[in-house]
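Single-structure report; data block below.
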Amino acid sequence: MEKKLLLNLAKEPDTKAIKKAYADFIDILSSALDDLNQRLKYLSPEKTKIFPIGESTTNTFIDEIGTEIDVMLAINDPQLELANNALKDANKQIKRKNSRKNKELIAIKTNNTSQEITMELFKELINYFSPTTRLIVTKDGIKIFALQELGFNFLIRLSTFDKNDEEFIFKIWNPIAYTTQEINLFEYTEKLEEKNLITKDNLFKIIRIFKSLRKSLILNRQMSPNLLNKYAIELLCYNIPNELLEGSDIFVVLAKSINYLNNVPYNTLTNFDDKSSIDTFIFSIINPVRVISFIDKIKKLAFN
């Protein structure tokens, strides 16, 4: 790959469009929540926080238009968390005994939970978009395919948190499995930004290059989008030692980075906490076979 093209792939994208789309989307989401607040508990503005997460907050996305913007809808209410726990327990029962009584129990337990909020918000949001915009509920939350209408797709993740928790651990609700997973979102962002500062912006440049190579492979049907997602790319790049990310020649930095990931034992790679296994980051799609396949593909694409 030519150095000029490589430099273009590494460049920070323009953020004007994504900022406008996010502002427009928040207006829509806020209006929908205001409507729901009239009939659902736990949605008062005092208890609710809305903020972007992921690559749009670090500017490691690769397209000004068309990327998916991750949005967190976080609610601080102990009663909501208690109701969620009761629903999770009821769901476990129905899996063990598929009876009519348990199905009725699950319907009752859904009241005033993150599941009810998710489904009611989904139905409310449909009224705010044109027929060209498709909405679906996935294990991650509510996906809104608003590329034609807003220029971007959106994903709303619903979570609970404790405002007295200094680490701000968020419990992300899975509306398909009726379960939650915990994540320290601020640690994820801070660790990436800190490493990028130390490496003089080379970390984010390498992340953008990796994501661009991934996109080329997907467009050329050489890999599935589900082989590794954008969070897995960031996590892989985070594991590259700082000394390998140093240097003014991004082509050399890329070569060292790919070579390192091609040879490092998978079990030595960590999460953003620098302690737990790389597999524990709940937003990423990653495993040893996927990593080996991806690195092999981008190595050929970048240097052949």
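The values are calculated or read from the model by the stated rules, or taken from the named source; none is laboratory data. Only a predicted model underlies this, so the values are computations on that prediction, with no experimental measurement involved. Methodologically, a virtual Cβ is constructed for each residue, glycine included, from the backbone with ideal geometry; neighbour enumeration extends over all protein chains shown. Just so you know, the surface numbers come from the protein's heavy atoms only, side chains and all, with ligands and any DNA or RNA stripped out. Shrake-Rupley method; radii C 1.70, N 1.55, O 1.52, S 1.80 Å.
Of all the numbered requirements in (1) farther than 30 Å from A10 by Cβ; (2) part of a loop (DSSP other than H, G, I, E, B), A86 misses one, and that requirement is (2). Of the residues making up segment 1-28, those that are in contact (Cβ under 8 Å) with a residue 24 or more places away in the chain, closer than 30 Å to I258 by Cβ and open to solvent by 20 Å² or more (accessible area, probe 1.4 Å) are M1, K3, L7, L9, K11, E12, P13, D14, T15. Among the residues of this structure, I209 does not count as one that is farther than 30 Å from D35 by Cβ, β-branched (V, I, T) and open to solvent by 20 Å² or more (accessible area, probe 1.4 Å).
Being within 18 Å of L261 (Cα to Cα) and either of a type in the set (A, V, I, L, M, F, W, C) or in a loop (DSSP other than H, G, I, E, B) (or both) is a property that does not hold for L155.
Out of contact with any His (no Cβ under 7 Å at 6 or more places or on another chain), without any contact (Cβ under 8 Å) to a residue 40 or more places away in the chain, aromatic (F, W, Y) and not in a strand (DSSP E or B): which single residue out of F210, F204, F122 fits that description? One residue alone meets the criteria, F122. For segment 1-51, enumerate the residues that are within 17 Å of L155 (Cβ to Cβ) and not small (G, A, S). Selection gives I18, Y22, D24, F25, I26, I28, L29, L33, K49, I50, F51.
For segment 217-225, check the following and say yes or no: at least one residue is β-branched (V, I, T), at pLDDT below 95, in a helix (DSSP H, G or I) and open to solvent by less than 40 Å² (accessible area, probe 1.4 Å). No, segment 217-225 contains no residue that is β-branched (V, I, T), at pLDDT below 95, in a helix (DSSP H, G or I) and open to solvent by less than 40 Å² (accessible area, probe 1.4 Å).
For first residues located in segment 126-138 and farther than 17 Å from S114 by Cβ, partners that are among the charged types (D, E, K, R) and lie 6+ apart or on another chain with Cβ distances below 8 Å form the pairs F129/E149; S130/E149; T132/E149; T133/E149; L135/K143; I136/K143. Among residues of segment 29-49 being out of contact with any strand residue (DSSP E or B) (no Cβ under 9 Å at 6 or more places or on another chain) and at pLDDT 95 or above, the one that is least open to solvent (accessible area, probe 1.4 Å) is A32.
Of all residues in segment 50-71, those satisfying the criterion of being open to solvent by 20 Å² or more (accessible area, probe 1.4 Å) and either assigned to a strand (DSSP E or B) or of a type in the set (K, R) (or both) are I50, F51, P52, E68. Number of residues in segment 233-246 that are part of a loop (DSSP other than H, G, I, E, B) and open to solvent by 50 Å² or more (accessible area, probe 1.4 Å) equals 1.
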